[in-house]
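To start, the structure under review is shown below, and the notes come after it.
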Amino acid sequence: MNRQIYYHFLSSKHAIDDLENKWINISLIEELNDPFELLPYLRYKEVEKRKLYHNIRREVSKNYGLLCFSRTWNEPLLWGHYADKHKGIAIGFEVLEDEVFEVKYSPEPKRTKFELTENQKENEKLFLDLAKTKYEKWSYEEEHRILVKIKDCKPVCIGGRKYSFLKFRGRLQVKEIVLGCKFDYKQEQSRMSILAEKLNAKIVLTREGWEDYKIHQCGTKTKKFGIFQ
């Protein structure tokens with residue numbers, strides 16, 4: 001089966017914690033930064049009908065979470081929004097392509113409309129299919145996702161908050177550790193090198209583009225700090 005590398009952006013602290021523990025925190029649906037996730041068209045006069053949709057969405061959110069990736073690490077907005085303003089890390093995971101679905105970006109301002117059925121599983125599928133579509137303004141993310149059952153994750157309480165972590169395994173292998181252009185690589189050089197060696201992963205150092213608005217691999221930093229692969 002074909003495998004492809006997808007990138008998950010984090011602050012350096014959270015990325016290093018994940019790499020050391022060999023796990024990744026899944027995104028719970030209720031905590032995603034887009035409030036319209038898994039939210040269908042709801043302009044119905046009947047309040048009870050709207051409540052029914054919300055109740056089913058709430059139940060689905062209790063059972064499923066998402067791993068969110070991008071196909072690229074070159075987009076500066078991703079670093080600015082998800083990786084501590086370029087001081088963080090993009091972890092490159094090699095994943096089986098048939099386990100990942102691509103998000104489609106819709107120019108249509110009205111959300112997907114569907115009628116509920118008498119079948120609970122069919123209703124669940126209708127809501128989960130909504131994870132495949134976002135409004136076109138999010139298209140810079142070039143997002144790809146993996147649907148994860150929360151019961152397959154390890155529950156961890158950190159600072160009074162509950163998280164759900166999915167362990168790295170055959171379906172999720174770290175292949176690249178991409179350091180943001182403002183990452184403190186001098187301070188973390190030894191630590192990152194040890195992690196990369198343990199995970200058999202390549203470290204990529206980055207810089208701002210010299211003539212464009214993209215993030216690029218930095219050859220100078222890589223040569224200067226030869227311990228990085």
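The numbers here are math on the coordinates, done by the rules we state, and not lab data. From a predicted model like this one, the values you see are computed outputs, not experimental measurements. Here Cβ is always computed from backbone atoms with ideal geometry, including for glycine, and neighbour counts include all displayed protein chains.
Summary of computed values
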item	result
Relative contact order %, the chain, counting alpha carbon pairs below 8 Å whose residues are six or more apart	27
Under 15 Å from the Cα of Lys121 - aspartates and glutamates, other chains or at least 8 residues apart	Glu59, Asp129
Angstrom value of the Kirkwood radius, inverse mean 1/r, which spans all Cα pairs in the range 74-204	17.9
Entries in Lys87/Lys175; Lys87/Lys151; Lys149/Lys182; Lys113/Lys151; Lys62/Lys85 that, when Cα-Cα distance is taken, lie over 25 Å	Lys87/Lys151; Lys149/Lys182; Lys113/Lys151; Lys62/Lys85
Extension gain from Arg171 to Arg43, taking 0.36 nm per residue of separation minus the Cα-Cα distance	42.1 nm
Extension reserve of the Gln4-Asn21 stretch, reckoned as 0.36 nm per residue once the Cα distance is removed	3.8 nm
Cβ-based net charge around Gly92, under 9 Å, with every Lys or Arg adding one and every Asp or Glu removing one	0
Along the chain, longest interval not containing exposed GluC sites (Glu not before Pro), exposed being DSSP loop plus at most 12 other Cβ atoms within 10 Å	119-210
